[in-house]
Structures are given as structure tokens and as C-alpha cells.
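This report concerns only the one structure given below.
The values are calculated or read from the model by the stated rules, or taken from the named source; none is laboratory data. Computed from a predicted model, the values in this text were never measured in an experiment. Methodologically, a virtual Cβ is constructed for each residue, glycine included, from the backbone with ideal geometry; neighbour enumeration extends over all protein chains shown.
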Amino acid sequence: MRGGAALAVALHHASYVYLPSLRIQVADWFDPGMAGVLVFFLVSGYIVPASLERRASVRGFWIGRFFRIYPLLAVACLLAILPFLLGVLGLRAGLEQYSPATAVLAHLTMLQDVLNVPNVMNVLWTLSYEMAFYLLIVALFVVDGHRRSAPAAAVLTVVAVAAVALTATGLLTGAYAPAALLSRTAGTGPVVAVTAAGVVVAIAAAMSKRPAPRVAGGLLGGLLAVLLVTANGRLDAWEGLIMLAIMFAGTAVHRAEHGQISRRAGAAACAVVLAGALGTGTWHAAAYGWKAQLAWCATVLAAAAAFAAAWRWRHRRFPRWATGLGTISFSVYLLHPLLLMVAAQFLDVSGREDVAGLAFYVLVLLAVSWASQRWIEAPAQRLGRRLTRPARPDAPVQPQVLAS
């Protein structure tokens, strides 16, 4: 699923360069890039909390996440700004107005999209919501509330509905709109600095062996995540909350599958999130016409159907090429914008239909992603596993959670 989702995002962005006319036609009815992102979020919700609980260690979880994400992220970000450092191209639009320290610090937290700092690469916005989700599941874990995924999904959806309703009725407009409210009020630099310090303290405390600091750190991280998503995101509050709700829906599916919650509770949570996602998006898109509403609904339903189908067939053997694509999915996701930058800025291939060029781009992307996974991702993950072995539990975990 991750492999297919990453490729869908890569092809969607490539259509701007290689198939501009087709992209315009498809955009009125469906957004394949967003569909891929929503599948990513569902899969993260399904997998990541189970990884935390299987380790039974907050320390092991954060070390594992660091070595899973940051090595390749650092390389990709460096390559993205390399043309600027060499004086060949400028920075991505909007980024030049921030000091290098603010921009770097925001990206180090991985929360730049909810800190009012433009992403170095367009795809990095999703990592901010992944990071917010990590902080939330750690918060639930340290207070032994990690099985409350279904209620968490429902509550986030209800708050998202309330947020879009307030915005639509004009109660949240202008200076009172939640988008980037903290940064516009206190300044982006101070908000980034305080957030970075808070995240470091929260993670360090949550990794403590002592119960009081562990709980305090976990709750601090969860509070920061909720505050930033609802009051400082680039996305409207309703959309950011729906993204988190979708991830918790994936977790609810996992818990229902393994008997940690009833199947009825899992199905109810998914139904609430699906209805909320369709309703909030349709409500918001009303100002843009019925085609925008239809495109949002088609995108959400396609992502839900794809995840449901894969879950239904989870016990079947998948082809090696499909699982191989899943293995390199993170590299595909992070590296495809760099190849498109080269194609558009240096090879001058944009502005015309070029199916052959698109096919060549995909082949190069897969080859580069394979090499990246083998020589950057895999060694970093092995190092992370060595640093966390043997794992020592820092919270009581039920046997069925370990079995997941």
C-alpha cells in the first residue's frame, strides 16, 4: 500500500511536468496525490502505534523513528537547497523571508508545516502531521490510554466538523482564523524556538524510566501537537484534524482486527471518520463549486476503498515487485520532487505532453530510490535497531498487544 501510494503521489506531481493537459482534466474529478497521502496516513495509523506497543518502550520508539526518517530526510533536504547554495536557483517560494536558523530548526522538528515555515520540498507537509500523530500516540501510551484509538478518532472528527462549521458561518475569519494564528500573533521565530524546545523536553522526558517525567513529557508532546494543528497549521484546522482522525481510524482497524476493541467499535470509528471527512471537505469546497466537492469525495472514497481492499486481502501473498515497491516507498516519496526539479529547471521538459519522458522519469526514480533505500535507509535502520537492542519495557503491556 505504501509503495502504491508513494507512486501515486510521484505520478501526480510528474503530471505537472510531463502531462499538463491531462492533469488539468483529471483535477476536476479526482486528486491522485491526495488519495495517496490519505492511504499513507491510514497505513501509518495501522502500523506505527502497534510498533510502539510491540517495543513497549518510548525510548526505543523515538530512536527507531529517528533512524527511519531523519537520515534520508536530511539528504533530501540538503539536495533540495543545493542549487541555492551553488547560486544556480533561488529558495522555494516564501522560504527566503525566514532566517536560516528558524527554517532549519523548524525542519528539524519535522513540524514546519504547522509552524508557518514553508517546506523545503512540497511533499514534506505530510511529515508534520505524521510527527503530530507520533506525539499523540506517545501521550496516550504513557497514560495507558493507547487502546482508545476509536474514541480519539471520533473526537478529532467532531472537533473538525465544529471547526469547519465555525469557519463557514464566518465566526472564524480574518485575524481570528486558526490558520497560523500563533505565528501571526507572537511571530514565527519565537513560536519555532519554543516549539523546538518543547518537543526536545517532551521527548526526553517521555523516554525517562521514572513514571512522573514520562507522563509529563508524553502529555506535553500531545498538547503541543493538538495546539499546533488546530491553531497554527498551514492547512485549515478542520483539515489538519481530519488528517489525524484518519490515522487514528487506521489504528482502530488494527485494534479491532487483533481483538483489542470490538469490531463494532472499530467499524463505528471508521464510519464516523469517513462521514466526517466527506462532510467537512464537501462543506469547505462548497465555495469552489460542485466539481471541487465531487473531487474531494472521490479522493477520500478512493483512499478508503484502496485501504479496505488491501486489508481484506492482507493474508494473501503479494507479488515481489509490489512488496519491493513498498520497501522503497519512502525514498520514492522524498526523492521524486528532486528529479522533477532537475527535469523542469535544468532539462526544460515541462509544458508539453511527454509520455516517453514520464516513463523514463519513473524508471530513474525507481532506480535512485532502490539505491537510496539500500545505502541510506537500510544502514540507518540497522543502526537504530542495534541502539535499541535489547528493549526494556517502560510501561505495562498486555500480551495481546505484544502479539500484534
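Does the stretch 85-105 hold any residues that are of a type outside the set (D, E, K, R), over 11 Å from Val192 (Cβ atoms), over 22 Å from the mean Cα position of the chain (by Cα) and in a helix (DSSP H, G or I), and which are they?
Within the stretch 85-105, Leu85, Gln97, Pro100 qualify.
Taking only the stretch 183-197 into account, find how many residues are aliphatic (A, V, I, L, M) and out of contact with any helix residue (DSSP H, G or I) (no Cβ under 9 Å at 6 or more places or on another chain).
1
In this structure, does Ser44 turn out to be out of contact with any helix residue (DSSP H, G or I) (no Cβ under 9 Å at 6 or more places or on another chain) and assigned to a helix (DSSP H, G or I)?
So Ser44 fails the test.
For Phe330, all conditions in the list (1) surrounded by fewer than 15 Cβ atoms within 10 Å (Cβ to Cβ); (2) of a type in the set (Phe, Trp, Tyr); (3) in contact (Cβ under 8 Å) with a residue 12 or more places away in the chain hold save one; what is the number of the exception?
Here Phe330 clears every test but (1).
Any chance the stretch 12-26 includes a residue that's surrounded by fewer than 20 Cβ atoms within 10 Å (Cβ to Cβ) and within 20 Å of Tyr134 (Cα to Cα)?
no
Ala132: among the aliphatic types (A, V, I, L, M), out of contact with any His (no Cβ under 6 Å at 6 or more places or on another chain) and modelled with pLDDT of 95 or more, yes or no?
yes
Answer yes or no as to whether Ala179 is touching a Lys or Arg at 6+ places or on another chain (Cβ under 9 Å), touching a residue at least 60 places away in the same chain (Cβ under 8 Å) and closer than 28 Å to Val39 by Cα.
Judged against the criteria, Ala179 is not a match.
Within the stretch 219-243, how many residues turn out to be more than 21 Å from Ile203 (Cβ to Cβ) and either without any contact (Cβ under 8 Å) to a residue 12 or more places away in the chain or not in a helix (DSSP H, G or I) (or both)?
3
Part of a helix (DSSP H, G or I), farther than 15 Å from Val159 by Cα and at pLDDT below 95: does that describe Ala285?
Yes: the conditions hold for Ala285.
Please find, within the stretch 222-258, the residue that is surrounded by the fewest Cβ atoms within 10 Å (Cβ to Cβ) out of those that are modelled with pLDDT of 95 or more and among the small types (Gly, Ala, Ser).
That would be Ala256.
Looking for whichever is buried (at least 17 other Cβ atoms within 10 Å of the Cβ) and either of a type in the set (Asp, Glu) or closer than 17 Å to Ala160 by Cβ (or both) here; the options are Ala275, Ala269. Which one fits?
Exactly one of Ala275, Ala269 is buried (at least 17 other Cβ atoms within 10 Å of the Cβ) and either of a type in the set (Asp, Glu) or closer than 17 Å to Ala160 by Cβ (or both), namely Ala269.
Here are the criteria: (1) outside any helix (DSSP H, G or I); (2) closer than 24 Å to Glu239 by Cα. Tell me which single one Leu108 does not satisfy.
Result: Leu108 fails condition (1) only.
Only one residue in Asn116, Asn122 is under 20 Å from the mean Cα position of the chain (by Cα), touching a residue at least 40 places away in the same chain (Cβ under 8 Å) and surrounded by fewer than 21 Cβ atoms within 10 Å (Cβ to Cβ), so which one is that?
Asn122
Can you go through Asn122, Asn116 and tell me which one is at positive phi and modelled with pLDDT under 95?
One residue alone meets the criteria, Asn116.
Do we have Ala5 as farther than 20 Å from Arg314 by Cα, touching a residue at least 60 places away in the same chain (Cβ under 8 Å) and surrounded by 21 or more Cβ atoms within 10 Å (Cβ to Cβ) here?
no
Would you tally the residues in the stretch 162-210 being in a helix (DSSP H, G or I) and either modelled with pLDDT under 95 or under 23 Å from Val104 (Cβ atoms) (or both)?
33
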